[in-house]
Amino acid sequence: MAIVDPALVMTMPKKLTAYSGIDALVHAIEAIASVAATDYTNALALEAARILCKYLPSAYTNGEHDAKAREKVHNAATLAGMSFANAFLGLCHSMAHKLGAEYHLPHGLANALLMEHIIRFNATEAPRKQAAFPQYGYPNATFRYARMAHVLGLGEGSDAEMTERLIDAFHELCTKLEIPHSIKDAGVDEKKFFANLDRLSEEAFDDQCTGTNPRYPLISEIKQLYTNAYYGENKAV
C-alpha cells in the first residue's frame, strides 16, 4: 500500500526533488524498453514521462509555490513506479546501484549520470545478444524510445532521430535541474574510480536489473559505459 499525498512533499529540498524526480523518469524510460514490458506498463511509463518532463522543472524551481507541479510530479512518480514494478528495469539501474553505493552518490544522481549512455547502448536493432525470454520477438528498443519521444512532443523523424531527441531532452532536463553531466563532475576521484572499475562492472553485470535490459551486455561493455559516463563522452559501445 502506498499513501500518495502531495502534501507530504511540498517542502522537499531542491536537490532531493531533482534526484528523486529524475529517478522516476529513468524508471519510465527503462520500463518502456524492458523485455518484460506490456501494454499496461507501457501506458503507465509513457504518461509518467510526459508529466515529469512537463512539471519537474517547476517543482524543482518553485517548490511549494507551485502546488500543482508538486502534485503532478508526485503522481507521475507513482505511475512510473507501477510501471517498473511490473515491467522491471534495466542496465542503467544495475550500474547506478553499484556506482551510488561505492561513491555515496544519491540514487537519482547515479541514474542521471548513466541514462543517456544506456539509451544509446540499447538503441540497436542488431545487439550482440538479446535478453532471454523477451515479451517481444525481436529487438525494438529504438522504436520504444522513439515512441516516448513522440509522446513528449519532440517533433517528427525516424526512430533513430527521435531516440537522439529523447537523449537531448533528458540532457536538457538534467541541466535545468542543475545535475552534473559526468561522474567526474559529480566529484568522484579519477584514481579511485578506475581502481574499482573492474569490480563494479562485474557487480553491475550480476545485478538483478540486467536481465530485463533489451540488449544483454558483456562485462567489457559495462566497463566502457562506466568510462564514457565518467568523462561524459559519447563513444560507441
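Among (1) more than 25 Å from LEU225 (Cα to Cα); (2) outside any helix (DSSP H, G or I); (3) touching a Pro at 6+ places or on another chain (Cβ under 6 Å); (4) of a type outside the set (S, T, N, Q), there is one condition MET12 misses while meeting the rest; what is its number?
In the conditions (1) more than 25 Å from LEU225 (Cα to Cα); (2) outside any helix (DSSP H, G or I); (3) touching a Pro at 6+ places or on another chain (Cβ under 6 Å); (4) of a type outside the set (S, T, N, Q), MET12 misses (3) alone.
Okay, residues lined up against (1) in contact (Cβ under 8 Å) with a residue 12 or more places away in the chain; (2) closer than 22 Å to TYR145 by Cα; (3) of a type in the set (Ser, Thr, Tyr):
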residue: ILE3; (1), (2), (3): no, no, no
residue: LYS15; (1), (2), (3): yes, no, no
residue: ILE22; (1), (2), (3): yes, yes, no
residue: VAL26; (1), (2), (3): yes, yes, no
residue: ILE32; (1), (2), (3): yes, yes, no
residue: GLU64; (1), (2), (3): yes, no, no
residue: ALA67; (1), (2), (3): yes, no, no
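Out of (1) touching a strand residue (DSSP E or B) at 6+ places or on another chain (Cβ under 9 Å); (2) assigned to a loop (DSSP other than H, G, I, E, B); (3) among the acidic types (Asp, Glu), the odd one out for GLU156 is which?
Of (1) touching a strand residue (DSSP E or B) at 6+ places or on another chain (Cβ under 9 Å); (2) assigned to a loop (DSSP other than H, G, I, E, B); (3) among the acidic types (Asp, Glu), only one is false for GLU156: (1).
Quick check: anything in the range 172-186 of a type in the set (Val, Ile, Thr), touching a residue at least 40 places away in the same chain (Cβ under 8 Å) and buried (at least 18 other Cβ atoms within 10 Å of the Cβ)? So that I can check it myself, show each step before the final result.
We begin by selecting, within the range 172-186, every residue of a type in the set (Val, Ile, Thr); these are 175, 179, 183.
Applying the additional criterion that residues be touching a residue at least 40 places away in the same chain (Cβ under 8 Å) yields 179, 183.
Next cut, buried (at least 18 other Cβ atoms within 10 Å of the Cβ) only: 179, 183.
Yes, some residue in the range 172-186 is of a type in the set (Val, Ile, Thr), touching a residue at least 40 places away in the same chain (Cβ under 8 Å) and buried (at least 18 other Cβ atoms within 10 Å of the Cβ).
Has the range 174-194 got at least one residue that is in a helix (DSSP H, G or I), closer than 23 Å to ALA48 by Cα and not charged (D, E, K, R)? Reasoning before the result, please.
Taking the range 174-194 and keeping what is in a helix (DSSP H, G or I), we get 174-176, 190-194.
Narrowing further to those that are closer than 23 Å to ALA48 by Cα: 174-176.
Filter again for not charged (D, E, K, R), leaving 174-175.
Yes, the range 174-194 contains at least one residue that is in a helix (DSSP H, G or I), closer than 23 Å to ALA48 by Cα and not charged (D, E, K, R).
No value in this document is a laboratory result; all are computed from the given coordinates. None of these values were measured; they are calculated from a predicted model. Glycine gets a Cβ as well: all are built from the backbone with ideal geometry, and neighbour counts include every protein chain shown.
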